[in-house]
Amino acid sequence: MLAFLLIVGLSFYVMASSISGMVGDSLFEQRIRTDRSSLESLATRASPLLAQSDVQALRSQLLTAGGELGGRILLLDQNGKVQLDSYGEMQGMRLQYPEIANILVRGQSVDYGVHELDSGTKLDTSHLLFTRRTSASWVGYCTAGVVYASDIIGVLLLVSPVQEIMQNLYQLQDQLILIFVVVAGAALLAAWVFSSIITRPIAGLNRGIQHMSKGDFSSRVKVRGAGEMKQLARAFNSMSEKLETLDQSRNQFVSNASHELKTPLATMKIMIESLIYQPDMDKNLRTEFMTDINNEIDRLSAIVSDLLTLVQMDSQNVKLTRENLSIAQLIKENAHRLQPIADQKGQTIQLSLADPCDMYADKSKLNQVIYNLMENAVKYTQNGGQIKVGLQRQGRDARFTVTDNGPGIPKENLPHIFDRFYRVDKARSREKGGTGLGLSIVHQLVLLHGGAISVESEEGKGATFIVELPLHQG
Ligand SMILES: Nc1ncnc2c1ncn2[C@@H]1O[C@H](COP(=O)(O)OP(=O)(O)O)[C@@H](O)[C@H]1O
Ligand SMILES: [Mg+2]
(Lines give C-alpha, C1' and ligand atoms only; values in the text may rest on other atoms or scores of the structure.)
(Ligands and ions follow the chains in the order given, each with its own letter.)
Protein backbone atom coordinates (compact mmCIF):
# COMPACT_ATOMS: atom_id res chain seq x y z
CA MET A 1 0.00 0.00 0.00
CA LEU A 2 2.84 2.35 0.93
CA ALA A 3 4.65 1.57 -2.30
CA PHE A 4 1.47 2.26 -4.21
CA LEU A 5 1.06 5.66 -2.53
CA LEU A 6 4.69 6.47 -3.16
CA ILE A 7 4.38 5.71 -6.86
CA VAL A 8 1.19 7.76 -7.19
CA GLY A 9 2.70 10.63 -5.23
CA LEU A 10 5.95 10.64 -7.15
CA SER A 11 4.37 10.50 -10.57
CA PHE A 12 2.00 13.23 -9.52
CA TYR A 13 4.88 15.38 -8.30
CA VAL A 14 6.73 15.00 -11.59
CA MET A 15 3.60 15.79 -13.55
CA ALA A 16 2.53 18.74 -11.39
CA SER A 17 5.94 20.35 -11.30
CA SER A 18 6.34 20.09 -15.05
CA ILE A 19 2.86 21.57 -15.56
CA SER A 20 3.46 24.43 -13.17
CA GLY A 21 6.93 24.96 -14.69
CA MET A 22 5.45 25.12 -18.16
CA VAL A 23 2.67 27.48 -17.12
CA GLY A 24 5.14 29.61 -15.17
CA ASP A 25 7.44 29.84 -18.16
CA SER A 26 4.67 30.88 -20.48
CA LEU A 27 3.32 33.45 -17.99
CA PHE A 28 6.75 34.99 -17.54
CA GLU A 29 7.62 34.89 -21.21
CA GLN A 30 5.10 37.58 -22.06
CA ARG A 31 6.47 39.83 -19.36
CA ILE A 32 10.06 39.15 -20.33
CA ARG A 33 9.39 40.01 -23.92
CA THR A 34 7.83 43.42 -23.19
CA ASP A 35 10.36 44.29 -20.48
CA ARG A 36 13.28 43.33 -22.70
CA SER A 37 12.21 45.28 -25.74
CA SER A 38 11.39 48.41 -23.71
CA LEU A 39 14.69 48.19 -21.85
CA GLU A 40 16.64 47.58 -25.08
CA SER A 41 15.17 50.66 -26.72
CA LEU A 42 15.82 52.62 -23.54
CA ALA A 43 19.44 51.42 -23.63
CA THR A 44 19.91 52.66 -27.20
CA ARG A 45 18.47 56.02 -26.24
CA ALA A 46 20.56 56.19 -23.07
CA SER A 47 23.88 55.23 -24.62
CA PRO A 48 24.80 58.62 -26.22
CA LEU A 49 23.60 60.43 -23.11
CA LEU A 50 25.73 58.22 -20.89
CA ALA A 51 28.72 58.63 -23.16
CA GLN A 52 28.35 62.38 -22.83
CA SER A 53 27.60 62.06 -19.10
CA ASP A 54 24.38 64.00 -19.56
CA VAL A 55 23.04 63.12 -16.11
CA GLN A 56 20.06 65.42 -16.29
CA ALA A 57 18.71 63.99 -19.53
CA LEU A 58 19.46 60.45 -18.35
CA ARG A 59 17.53 60.89 -15.14
CA SER A 60 14.45 62.23 -16.91
CA GLN A 61 14.66 59.36 -19.43
CA LEU A 62 14.82 56.79 -16.63
CA LEU A 63 12.00 58.37 -14.67
CA THR A 64 9.58 58.46 -17.62
CA ALA A 65 10.52 54.95 -18.70
CA GLY A 66 10.15 53.70 -15.12
CA GLY A 67 6.73 55.26 -14.94
CA GLU A 68 5.70 53.66 -18.24
CA LEU A 69 6.96 50.22 -17.31
CA GLY A 70 5.56 50.34 -13.79
CA GLY A 71 8.88 49.55 -12.15
CA ARG A 72 12.16 50.87 -10.85
CA ILE A 73 14.96 51.59 -13.26
CA LEU A 74 18.59 51.74 -12.28
CA LEU A 75 21.64 52.63 -14.33
CA LEU A 76 24.89 50.95 -13.39
CA ASP A 77 28.43 51.55 -14.59
CA GLN A 78 30.90 48.91 -15.87
CA ASN A 79 31.69 47.89 -12.29
CA GLY A 80 28.09 47.28 -11.30
CA LYS A 81 27.87 50.44 -9.24
CA VAL A 82 24.55 52.26 -9.26
CA GLN A 83 24.83 55.61 -11.04
CA LEU A 84 21.18 56.52 -11.21
CA ASP A 85 18.05 55.14 -9.49
CA SER A 86 14.57 56.15 -10.58
CA TYR A 87 13.60 55.82 -6.90
CA GLY A 88 16.64 57.85 -5.97
CA GLU A 89 17.71 55.53 -3.13
CA MET A 90 20.55 53.27 -4.23
CA GLN A 91 23.08 55.64 -5.77
CA GLY A 92 26.63 54.47 -5.31
CA MET A 93 25.73 50.93 -4.20
CA ARG A 94 27.31 47.95 -5.90
CA LEU A 95 24.76 45.33 -7.04
CA GLN A 96 25.74 41.72 -7.65
CA TYR A 97 22.88 40.06 -9.42
CA PRO A 98 23.71 37.33 -11.92
CA GLU A 99 21.70 39.23 -14.56
CA ILE A 100 24.13 42.14 -14.23
CA ALA A 101 27.19 39.90 -14.34
CA ASN A 102 25.80 38.24 -17.46
CA ILE A 103 25.89 41.59 -19.25
CA LEU A 104 29.20 42.89 -17.89
CA VAL A 105 31.22 39.69 -17.76
CA ARG A 106 29.66 37.40 -20.34
CA GLY A 107 28.77 40.18 -22.79
CA GLN A 108 25.06 39.30 -23.14
CA SER A 109 22.98 42.18 -24.48
CA VAL A 110 19.92 41.47 -22.29
CA ASP A 111 18.98 39.11 -19.46
CA TYR A 112 16.06 38.37 -17.22
CA GLY A 113 15.55 36.66 -13.89
CA VAL A 114 12.97 36.49 -11.12
CA HIS A 115 14.20 36.88 -7.54
CA GLU A 116 12.81 36.90 -4.08
CA LEU A 117 12.98 40.45 -2.87
CA ASP A 118 14.29 39.82 0.64
CA SER A 119 16.74 36.95 0.18
CA GLY A 120 17.62 37.59 -3.45
CA THR A 121 17.15 33.89 -4.28
CA LYS A 122 16.61 33.34 -7.97
CA LEU A 123 13.41 31.66 -9.01
CA ASP A 124 13.71 28.36 -10.86
CA THR A 125 10.45 27.62 -12.63
CA SER A 126 11.18 23.90 -12.95
CA HIS A 127 11.18 23.57 -9.16
CA LEU A 128 8.25 25.83 -8.49
CA LEU A 129 6.35 23.35 -6.34
CA PHE A 130 9.32 22.64 -4.20
CA THR A 131 10.41 26.23 -3.70
CA ARG A 132 6.90 27.48 -3.16
CA ARG A 133 6.89 30.44 -0.79
CA THR A 134 3.63 32.30 -0.79
CA SER A 135 4.71 34.87 1.80
CA ALA A 136 7.73 36.06 -0.19
CA SER A 137 7.44 38.91 -2.64
CA TRP A 138 8.95 38.29 -6.03
CA VAL A 139 10.47 40.79 -8.47
CA GLY A 140 11.70 40.47 -12.00
CA TYR A 141 15.18 41.75 -12.87
CA CYS A 142 15.59 42.71 -16.49
CA THR A 143 19.01 43.92 -17.56
CA ALA A 144 20.27 45.43 -20.81
CA GLY A 145 23.73 46.56 -21.73
CA VAL A 146 24.31 50.17 -22.68
CA VAL A 147 26.65 49.97 -25.63
CA TYR A 148 28.58 52.83 -27.09
CA ALA A 149 31.08 52.36 -29.91
CA SER A 150 30.85 48.59 -29.36
CA ASP A 151 31.88 48.95 -25.74
CA ILE A 152 29.64 48.20 -22.80
CA ILE A 153 29.64 51.39 -20.86
CA GLY A 154 26.83 50.59 -18.47
CA VAL A 155 23.88 48.38 -17.52
CA LEU A 156 20.21 49.25 -17.25
CA LEU A 157 18.30 47.30 -14.60
CA LEU A 158 14.53 47.23 -14.55
CA VAL A 159 13.07 45.94 -11.31
CA SER A 160 9.38 45.13 -11.77
CA PRO A 161 6.99 43.34 -9.43
CA VAL A 162 5.83 39.92 -10.63
CA GLN A 163 3.65 39.20 -7.63
CA GLU A 164 0.56 38.88 -9.78
CA ILE A 165 2.11 36.20 -11.97
CA MET A 166 3.34 34.32 -8.93
CA GLN A 167 -0.13 34.54 -7.42
CA ASN A 168 -1.59 32.95 -10.53
CA LEU A 169 1.01 30.24 -10.34
CA TYR A 170 0.24 29.52 -6.71
CA GLN A 171 -3.42 29.30 -7.55
CA LEU A 172 -2.64 26.76 -10.23
CA GLN A 173 -0.56 24.80 -7.75
CA ASP A 174 -3.38 24.83 -5.22
CA GLN A 175 -5.67 23.41 -7.84
CA LEU A 176 -3.15 20.75 -8.77
CA ILE A 177 -2.75 19.71 -5.14
CA LEU A 178 -6.51 19.53 -4.73
CA ILE A 179 -6.74 17.35 -7.86
CA PHE A 180 -3.97 15.15 -6.45
CA VAL A 181 -5.78 14.64 -3.17
CA VAL A 182 -9.00 13.77 -4.96
CA VAL A 183 -7.31 11.46 -7.48
CA ALA A 184 -5.18 9.75 -4.83
CA GLY A 185 -8.23 9.27 -2.65
CA ALA A 186 -10.20 7.79 -5.54
CA ALA A 187 -7.25 5.57 -6.51
CA LEU A 188 -6.90 4.33 -2.95
CA LEU A 189 -10.59 3.60 -2.72
CA ALA A 190 -10.57 1.78 -6.06
CA ALA A 191 -7.50 -0.20 -5.03
CA TRP A 192 -9.13 -1.17 -1.77
CA VAL A 193 -12.35 -2.24 -3.47
CA PHE A 194 -10.51 -4.24 -6.15
CA SER A 195 -8.16 -5.91 -3.73
CA SER A 196 -10.98 -6.90 -1.44
CA ILE A 197 -12.87 -8.34 -4.41
CA ILE A 198 -9.80 -10.37 -5.30
CA THR A 199 -8.66 -11.32 -1.82
CA ARG A 200 -11.99 -12.21 -0.27
CA PRO A 201 -12.43 -15.51 -2.14
CA ILE A 202 -8.75 -16.32 -1.55
CA ALA A 203 -9.21 -15.71 2.15
CA GLY A 204 -12.26 -18.00 2.11
CA LEU A 205 -10.28 -20.69 0.38
CA ASN A 206 -7.49 -20.27 2.87
CA ARG A 207 -9.89 -20.76 5.76
CA GLY A 208 -11.25 -23.88 4.07
CA ILE A 209 -7.77 -25.33 3.64
CA GLN A 210 -6.98 -24.62 7.28
CA HIS A 211 -10.14 -26.41 8.41
CA MET A 212 -9.20 -29.30 6.20
CA SER A 213 -5.67 -29.53 7.51
CA LYS A 214 -7.18 -29.85 10.97
CA GLY A 215 -9.14 -32.87 9.75
CA ASP A 216 -12.50 -31.17 9.17
CA PHE A 217 -13.46 -32.29 5.66
CA SER A 218 -16.94 -30.83 5.83
CA SER A 219 -15.79 -27.31 4.97
CA ARG A 220 -16.89 -25.87 1.63
CA VAL A 221 -16.15 -22.47 0.14
CA LYS A 222 -18.54 -20.09 -1.58
CA VAL A 223 -18.19 -20.22 -5.34
CA ARG A 224 -17.74 -16.59 -6.35
CA GLY A 225 -15.28 -14.25 -8.00
CA ALA A 226 -14.17 -14.28 -11.62
CA GLY A 227 -13.25 -17.16 -13.95
CA GLU A 228 -10.21 -18.84 -12.45
CA MET A 229 -11.24 -18.06 -8.87
CA LYS A 230 -14.58 -19.74 -9.48
CA GLN A 231 -12.89 -22.82 -10.93
CA LEU A 232 -10.52 -22.98 -7.99
CA ALA A 233 -13.40 -22.79 -5.52
CA ARG A 234 -15.26 -25.54 -7.39
CA ALA A 235 -12.16 -27.71 -7.51
CA PHE A 236 -11.64 -27.18 -3.80
CA ASN A 237 -15.23 -28.12 -3.01
CA SER A 238 -15.16 -31.25 -5.09
CA MET A 239 -11.83 -32.21 -3.53
CA SER A 240 -13.12 -31.73 0.01
CA GLU A 241 -16.27 -33.64 -0.89
CA LYS A 242 -14.19 -36.57 -2.12
CA LEU A 243 -11.98 -36.43 0.95
CA GLU A 244 -15.04 -36.36 3.16
CA THR A 245 -16.53 -39.48 1.55
CA LEU A 246 -13.14 -41.13 1.66
CA ASP A 247 -12.79 -40.26 5.32
CA GLN A 248 -16.27 -41.54 6.09
CA SER A 249 -15.80 -44.77 4.16
CA ARG A 250 -12.46 -45.35 5.86
CA ASN A 251 -14.03 -44.89 9.29
CA GLN A 252 -16.89 -47.14 8.24
CA PHE A 253 -14.41 -49.74 7.04
CA VAL A 254 -12.38 -49.67 10.24
CA SER A 255 -15.48 -49.97 12.41
CA ASN A 256 -16.87 -52.79 10.23
CA ALA A 257 -13.58 -54.63 10.28
CA SER A 258 -13.26 -54.37 14.07
CA HIS A 259 -16.80 -55.58 14.46
CA GLU A 260 -16.20 -58.55 12.16
CA LEU A 261 -13.07 -59.48 14.12
CA LYS A 262 -14.71 -59.01 17.51
CA THR A 263 -17.61 -61.38 16.90
CA PRO A 264 -15.57 -64.58 16.50
CA LEU A 265 -13.28 -63.49 19.33
CA ALA A 266 -16.26 -63.06 21.69
CA THR A 267 -17.68 -66.44 20.69
CA MET A 268 -14.34 -68.10 21.27
CA LYS A 269 -13.93 -66.46 24.67
CA ILE A 270 -17.27 -67.79 25.89
CA MET A 271 -16.47 -71.30 24.74
CA ILE A 272 -12.95 -71.29 26.19
CA GLU A 273 -14.28 -69.99 29.54
CA SER A 274 -16.82 -72.85 29.58
CA LEU A 275 -13.98 -75.30 28.98
CA ILE A 276 -11.93 -73.75 31.82
CA TYR A 277 -14.68 -73.55 34.43
CA GLN A 278 -16.27 -76.91 33.62
CA PRO A 279 -13.31 -79.33 33.76
CA ASP A 280 -15.58 -82.34 34.07
CA MET A 281 -17.50 -81.51 30.90
CA ASP A 282 -18.90 -84.32 28.78
CA LYS A 283 -16.27 -85.52 26.32
CA ASN A 284 -18.50 -85.19 23.27
CA LEU A 285 -19.54 -81.66 24.19
CA ARG A 286 -15.92 -80.80 24.74
CA THR A 287 -15.02 -81.98 21.23
CA GLU A 288 -17.92 -79.98 19.82
CA PHE A 289 -16.67 -76.83 21.54
CA MET A 290 -13.15 -77.43 20.26
CA THR A 291 -14.50 -77.88 16.72
CA ASP A 292 -16.46 -74.61 17.01
CA ILE A 293 -13.39 -72.76 18.23
CA ASN A 294 -11.42 -74.22 15.35
CA ASN A 295 -14.09 -72.97 12.90
CA GLU A 296 -13.99 -69.49 14.44
CA ILE A 297 -10.22 -69.42 13.99
CA ASP A 298 -10.71 -70.37 10.33
CA ARG A 299 -13.17 -67.51 9.95
CA LEU A 300 -10.80 -65.07 11.60
CA SER A 301 -7.96 -66.04 9.35
CA ALA A 302 -10.27 -65.82 6.30
CA ILE A 303 -11.26 -62.28 7.27
CA VAL A 304 -7.66 -61.27 7.92
CA SER A 305 -6.43 -62.66 4.62
CA ASP A 306 -9.30 -60.97 2.74
CA LEU A 307 -8.48 -57.72 4.50
CA LEU A 308 -4.85 -58.07 3.52
CA THR A 309 -5.85 -58.61 -0.10
CA LEU A 310 -8.00 -55.46 0.00
CA VAL A 311 -5.31 -53.37 1.66
CA GLN A 312 -2.78 -54.51 -0.91
CA MET A 313 -5.09 -53.44 -3.71
CA ASP A 314 -5.73 -50.10 -2.05
CA SER A 315 -2.09 -49.19 -1.90
CA GLN A 316 -2.11 -47.74 -5.42
CA ASN A 317 1.04 -49.60 -6.53
CA VAL A 318 -0.46 -53.05 -7.08
CA LYS A 319 1.47 -54.92 -9.67
CA LEU A 320 -0.19 -57.32 -12.06
CA THR A 321 1.96 -60.33 -12.86
CA ARG A 322 0.78 -60.92 -16.37
CA GLU A 323 1.13 -64.07 -18.39
CA ASN A 324 -0.59 -65.66 -21.40
CA LEU A 325 -3.66 -67.54 -20.25
CA SER A 326 -7.01 -68.80 -21.41
CA ILE A 327 -10.03 -67.72 -19.39
CA ALA A 328 -11.89 -70.83 -20.53
CA GLN A 329 -9.13 -72.93 -19.03
CA LEU A 330 -9.36 -71.04 -15.70
CA ILE A 331 -13.13 -71.56 -15.59
CA LYS A 332 -12.71 -75.31 -16.16
CA GLU A 333 -10.18 -75.54 -13.33
CA ASN A 334 -12.43 -73.67 -10.90
CA ALA A 335 -15.46 -75.75 -11.85
CA HIS A 336 -13.37 -78.80 -11.07
CA ARG A 337 -12.45 -77.37 -7.65
CA LEU A 338 -16.08 -76.60 -6.79
CA GLN A 339 -17.58 -79.81 -8.21
CA PRO A 340 -17.34 -81.78 -4.91
CA ILE A 341 -19.37 -79.12 -3.02
CA ALA A 342 -21.89 -78.88 -5.84
CA ASP A 343 -22.19 -82.66 -5.88
CA GLN A 344 -22.82 -82.63 -2.14
CA LYS A 345 -25.68 -80.18 -2.68
CA GLY A 346 -26.98 -82.03 -5.70
CA GLN A 347 -26.29 -79.03 -7.92
CA THR A 348 -25.21 -79.07 -11.54
CA ILE A 349 -22.56 -76.78 -12.95
CA GLN A 350 -23.05 -76.24 -16.64
CA LEU A 351 -20.27 -74.64 -18.67
CA SER A 352 -20.85 -73.08 -22.09
CA LEU A 353 -17.50 -71.72 -23.21
CA ALA A 354 -17.87 -70.36 -26.75
CA ASP A 355 -14.33 -69.03 -26.99
CA PRO A 356 -11.07 -69.80 -25.17
CA CYS A 357 -10.58 -66.03 -24.68
CA ASP A 358 -6.80 -65.97 -24.58
CA MET A 359 -5.44 -62.95 -22.84
CA TYR A 360 -2.34 -61.57 -21.19
CA ALA A 361 -3.35 -61.10 -17.56
CA ASP A 362 -2.66 -61.86 -13.90
CA LYS A 363 -3.59 -65.54 -13.50
CA SER A 364 -3.97 -65.71 -9.73
CA LYS A 365 -6.10 -62.55 -9.65
CA LEU A 366 -8.42 -63.71 -12.45
CA ASN A 367 -8.66 -67.06 -10.67
CA GLN A 368 -9.85 -65.22 -7.56
CA VAL A 369 -12.53 -63.44 -9.60
CA ILE A 370 -13.82 -66.62 -11.19
CA TYR A 371 -13.65 -68.68 -7.99
CA ASN A 372 -15.42 -66.08 -5.83
CA LEU A 373 -18.34 -65.68 -8.25
CA MET A 374 -18.78 -69.42 -8.83
CA GLU A 375 -18.39 -70.16 -5.11
CA ASN A 376 -21.08 -67.63 -4.24
CA ALA A 377 -23.42 -69.23 -6.76
CA VAL A 378 -22.83 -72.70 -5.30
CA LYS A 379 -22.95 -71.38 -1.74
CA TYR A 380 -26.15 -69.35 -1.95
CA THR A 381 -28.14 -71.60 -4.28
CA GLN A 382 -30.33 -74.20 -2.64
CA ASN A 383 -29.74 -77.92 -2.97
CA GLY A 384 -30.49 -79.27 -6.40
CA GLY A 385 -30.00 -75.88 -7.97
CA GLN A 386 -28.44 -75.13 -11.31
CA ILE A 387 -25.39 -73.00 -12.05
CA LYS A 388 -24.56 -71.88 -15.57
CA VAL A 389 -21.19 -70.40 -16.46
CA GLY A 390 -20.82 -68.72 -19.83
CA LEU A 391 -17.85 -67.28 -21.72
CA GLN A 392 -17.87 -65.59 -25.10
CA ARG A 393 -16.13 -62.91 -27.08
CA GLN A 394 -17.94 -59.66 -27.49
CA GLY A 395 -16.04 -57.26 -29.69
CA ARG A 396 -12.72 -56.65 -27.98
CA ASP A 397 -13.99 -57.99 -24.63
CA ALA A 398 -14.35 -61.36 -22.98
CA ARG A 399 -17.81 -61.68 -21.42
CA PHE A 400 -17.91 -64.05 -18.48
CA THR A 401 -21.25 -64.77 -16.76
CA VAL A 402 -22.26 -66.80 -13.71
CA THR A 403 -26.00 -67.51 -13.47
CA ASP A 404 -27.78 -69.44 -10.76
CA ASN A 405 -31.41 -70.17 -9.95
CA GLY A 406 -30.97 -69.49 -6.23
CA PRO A 407 -32.71 -66.97 -3.99
CA GLY A 408 -31.43 -63.95 -5.92
CA ILE A 409 -30.70 -60.57 -4.41
CA PRO A 410 -33.46 -58.14 -3.39
CA LYS A 411 -33.60 -54.97 -5.46
CA GLU A 412 -32.79 -52.70 -2.52
CA ASN A 413 -29.59 -54.64 -1.80
CA LEU A 414 -28.27 -54.58 -5.37
CA PRO A 415 -26.57 -51.14 -5.24
CA HIS A 416 -24.51 -52.19 -2.20
CA ILE A 417 -23.61 -55.70 -3.24
CA PHE A 418 -19.98 -54.76 -4.07
CA ASP A 419 -19.45 -52.82 -0.81
CA ARG A 420 -17.05 -54.13 1.80
CA PHE A 421 -18.61 -56.38 4.43
CA TYR A 422 -21.99 -56.08 2.76
CA ARG A 423 -24.14 -59.17 3.07
CA VAL A 424 -27.80 -59.57 2.25
CA ASP A 425 -28.36 -62.02 5.06
CA LYS A 426 -25.59 -61.56 7.63
CA ALA A 427 -26.40 -64.62 9.73
CA ARG A 428 -26.64 -66.94 6.73
CA SER A 429 -23.44 -65.70 5.15
CA ARG A 430 -21.56 -66.06 8.42
CA GLU A 431 -22.88 -69.53 8.97
CA LYS A 432 -21.57 -70.40 5.49
CA GLY A 433 -18.15 -69.03 6.40
CA GLY A 434 -18.47 -65.81 4.35
CA THR A 435 -16.62 -62.61 5.19
CA GLY A 436 -18.67 -60.22 3.09
CA LEU A 437 -15.46 -59.11 1.37
CA GLY A 438 -15.51 -61.51 -1.60
CA LEU A 439 -17.48 -59.37 -4.06
CA SER A 440 -15.64 -56.16 -3.17
CA ILE A 441 -12.35 -57.93 -3.83
CA VAL A 442 -13.74 -59.24 -7.14
CA HIS A 443 -14.87 -55.73 -8.06
CA GLN A 444 -11.41 -54.28 -7.37
CA LEU A 445 -9.64 -57.04 -9.31
CA VAL A 446 -11.88 -56.56 -12.35
CA LEU A 447 -11.22 -52.80 -12.27
CA LEU A 448 -7.48 -53.48 -12.06
CA HIS A 449 -7.74 -55.38 -15.34
CA GLY A 450 -9.61 -52.49 -16.94
CA GLY A 451 -12.90 -54.39 -16.94
CA ALA A 452 -16.39 -53.95 -15.53
CA ILE A 453 -18.69 -56.02 -13.37
CA SER A 454 -22.45 -55.87 -12.96
CA VAL A 455 -25.23 -57.96 -11.50
CA GLU A 456 -28.77 -58.72 -12.61
CA SER A 457 -31.15 -60.38 -10.22
CA GLU A 458 -34.76 -60.89 -9.38
CA GLU A 459 -35.64 -61.99 -5.90
CA GLY A 460 -36.46 -65.68 -5.76
CA LYS A 461 -35.41 -66.33 -9.35
CA GLY A 462 -31.65 -66.31 -9.13
CA ALA A 463 -28.82 -63.98 -9.97
CA THR A 464 -26.44 -63.34 -12.86
CA PHE A 465 -23.02 -61.77 -12.40
CA ILE A 466 -21.51 -60.35 -15.59
CA VAL A 467 -17.81 -59.60 -15.97
CA GLU A 468 -16.42 -57.89 -19.05
CA LEU A 469 -12.65 -57.91 -19.53
CA PRO A 470 -10.76 -56.25 -22.36
CA LEU A 471 -8.77 -58.96 -24.15
CA HIS A 472 -6.07 -56.57 -25.27
CA GLN A 473 -4.75 -53.84 -23.04
CA GLY A 474 -4.25 -50.32 -24.29
N1 LIG B 1 -25.18 -65.77 -6.33
C2 LIG B 1 -25.72 -65.15 -5.29
N3 LIG B 1 -27.04 -65.31 -4.99
C4 LIG B 1 -27.58 -64.66 -3.95
N5 LIG B 1 -26.91 -63.80 -3.14
C6 LIG B 1 -25.60 -63.63 -3.39
C7 LIG B 1 -24.94 -64.26 -4.46
N8 LIG B 1 -23.67 -63.85 -4.47
C9 LIG B 1 -23.53 -62.99 -3.44
N10 LIG B 1 -24.69 -62.84 -2.78
C11 LIG B 1 -24.94 -61.93 -1.62
O12 LIG B 1 -23.93 -60.99 -1.59
C13 LIG B 1 -23.28 -60.99 -0.35
C14 LIG B 1 -21.83 -60.62 -0.51
O15 LIG B 1 -21.10 -61.61 -1.17
P16 LIG B 1 -19.59 -61.77 -0.87
O17 LIG B 1 -18.99 -60.42 -1.00
O18 LIG B 1 -19.03 -62.83 -1.74
O19 LIG B 1 -19.52 -62.13 0.65
P20 LIG B 1 -19.67 -63.54 1.35
O21 LIG B 1 -19.86 -64.55 0.27
O22 LIG B 1 -18.42 -63.69 2.09
O23 LIG B 1 -20.85 -63.40 2.23
C24 LIG B 1 -23.49 -62.33 0.20
O25 LIG B 1 -23.49 -62.32 1.60
C26 LIG B 1 -24.86 -62.70 -0.32
O27 LIG B 1 -25.84 -62.18 0.53
MG1 LIG C 1 -18.36 -64.87 -1.32
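Specify the residue that is surrounded by the most Cβ atoms within 10 Å (Cβ to Cβ); the eligible residues are those in segment 198-221 that are of a type in the set (A, V, I, L, M) and farther than 16 Å from Lys242 by Cβ.
Leu205
Restricting to segment 418-432, name every residue that is within 7 Å of ligand 1 (Cβ to nearest atom), outside any helix (DSSP H, G or I) and either of a type in the set (Phe, Trp, Tyr) or buried (at least 18 other Cβ atoms within 10 Å of the Cβ) (or both).
Those that are within 7 Å of ligand 1 (Cβ to nearest atom), outside any helix (DSSP H, G or I) and either of a type in the set (Phe, Trp, Tyr) or buried (at least 18 other Cβ atoms within 10 Å of the Cβ) (or both): Tyr422, Arg423, Val424.
Would it be correct to say that Ser440 is near ligand 1 (Cβ under 8 Å from one of its atoms), touching a Leu at 6+ places or on another chain (Cβ under 8 Å) and outside any helix (DSSP H, G or I)?
Against the criterion (near ligand 1 (Cβ under 8 Å from one of its atoms), touching a Leu at 6+ places or on another chain (Cβ under 8 Å) and outside any helix (DSSP H, G or I)), Ser440 does not qualify.
Taking Ile100 as the residue in question, decide whether it is under 19 Å from Val147 (Cβ atoms) and either of a type in the set (Phe, Trp, Tyr) or in contact (Cβ under 8 Å) with a residue 60 or more places away in the chain (or both).
no
For segment 280-383, which fully contained helices (runs of 4 or more DSSP H) count at least 1 residues that are surrounded by 14 or more Cβ atoms within 10 Å (Cβ to Cβ) and not assigned by TED's automatic domain parsing to the domain that holds Thr403?
Passing ranges, in order: 283-314.
If we keep just the residues of segment 436-445 that are crowded, with 20+ Cβ neighbours inside 10 Å and within 11 Å of ligand 2 (Cβ to nearest atom), which is nearest to Thr263 (Cα to Cα)?
So the residue we want is Leu437.
Please go through segment 147-179 and give me each residue that is within 16 Å of Asp35 (Cβ to Cβ) and buried (at least 17 other Cβ atoms within 10 Å of the Cβ), ordered by number.
Val155, Leu156, Leu157, Leu158, Val159, Ser160, Val162, Ile165, Met166
Looking at Gln386, Gln344, Gln339, which one is in contact (Cβ under 8 Å) with a residue 12 or more places away in the chain and of a type in the set (S, T, N, Q)?
None of the others qualify; the one that does is Gln386.
Only one of Gly88, Gly80 is on the phi > 0 side of the Ramachandran plot and without any contact (Cβ under 8 Å) to a residue 60 or more places away in the chain. Can you tell me which?
Gly88
Is it fair to say His416 is touching a helix residue (DSSP H, G or I) at 6+ places or on another chain (Cβ under 9 Å) and over 18 Å from Ala302 (Cα atoms)?
In short, no.
Show the residue pairs that are 6+ apart or on different chains and have beta-carbon atoms under 6 Å apart, the first residue being within segment 367-378 and within 17 Å of Leu325 (Cβ to Cβ) and near ligand 2 (Cβ under 10 Å from one of its atoms), the second being modelled with pLDDT under 95 and among the hydroxyl-bearing types (Ser, Thr, Tyr).
That search, which allows pairs on different chains as well, returns nothing.
Of these, Gly462, Gly451, Gly436, which one is touching a Pro at 6+ places or on another chain (Cβ under 9 Å) and at positive phi?
Answer to the selection: Gly462.
Looking at segment 430-443, I want the residues that are within 14 Å of Phe253 (Cα to Cα) and have a partner that is among the acidic types (Asp, Glu) and more than 8 Å from ligand 2 (Cβ to nearest atom) with Cβ atoms under 6 Å, at least 6 apart or on another chain. Which pairs are those?
Thr435/Asp306; Leu437/Asp306
Somewhere in segment 420-435, is a residue of a type outside the set (D, E, K, R) and more than 14 Å from ligand 2 (Cβ to nearest atom)?
There is at least one residue in segment 420-435 that is of a type outside the set (D, E, K, R) and more than 14 Å from ligand 2 (Cβ to nearest atom).
If you take the residues of segment 22-57 that are of a type in the set (Val, Ile, Thr) and over 30 Å from Gln167 (Cβ atoms), which of them is surrounded by the most Cβ atoms within 10 Å (Cβ to Cβ)?
Here the answer is Val55.
Just one of the numbered conditions (1) within 18 Å of Asn334 (Cβ to Cβ); (2) polar (S, T, N, Q); (3) more than 7 Å from ligand 1 (Cβ to nearest atom) is not true of Asn413; which one?
Of everything listed in (1) within 18 Å of Asn334 (Cβ to Cβ); (2) polar (S, T, N, Q); (3) more than 7 Å from ligand 1 (Cβ to nearest atom), Asn413 misses just condition (1).
The values are calculated or read from the model by the stated rules, or taken from the named source; none is laboratory data. What you see is a predicted model; the values in this text were computed from it and never measured. Here the Cβ is made from the backbone with ideal geometry for all residues, glycine too, and neighbour counts use every protein chain on show.
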